[in-house]
Amino acid sequence: MLLAFSVSPSGTPAEGSRPGDASVHDAVAAAVKIVRESGLPNQTDSMFTTIEGEWDEVFDVVKRATEAVGRYGSRVSLVIKADIRPGYSGELTAKVERLEEALADGSE
């Protein structure tokens, strides 16, 4: 399974926020740290973090990352998109490699 998620806090911070700072980078860093420490293949870009693994292990990481972000506000927004394809692994990079090959070949 590939699972892309974005999590951010809102509301009154419980802890960890800088006064007057509307940025959520500290909260996102707390979530990404949990993802990276999980040992699951992962990739973070400016909008989402994508992780690859089995259903239970992926959702455990998302839950813990969401709980970490919750410390930075009274409310949490979580967006999830999943590609569930049993029997496949390594798709975090393989899907992009296939795309790049198609672009290099001039395929439409």
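The values are calculated or read from the model by the stated rules, or taken from the named source; none is laboratory data. All values reported here derive from a predicted model rather than from experimental measurement. FYI the Cβ positions are ideal-geometry reconstructions off the backbone, even for glycines, and counts take in every protein chain you see.
When Tyr88, Tyr72 are screened for being in a loop (DSSP other than H, G, I, E, B) and either small (Gly, Ala, Ser) or over 14 Å from Leu2 (Cα atoms) (or both), only Tyr72 passes. So, Glu91, is that one buried (at least 17 other Cβ atoms within 10 Å of the Cβ) and acidic (Asp, Glu) or not? Yes. Applying the set (1) in a strand (DSSP E or B); (2) of a type in the set (A, V, I, L, M, F, W, C); (3) in contact with a Phe, Trp or Tyr (Cβ under 9 Å, 6 or more places away or on another chain) to Val62 leaves exactly one unmet item: (1).
Applying the condition of being of a type in the set (Ser, Thr, Tyr), at pLDDT 85 or above and more than 10 Å from the chain's Cα centre (by Cα) to the range 14-48 and asking which residue is farthest from Thr66 (Cα to Cα) yields Ser46.
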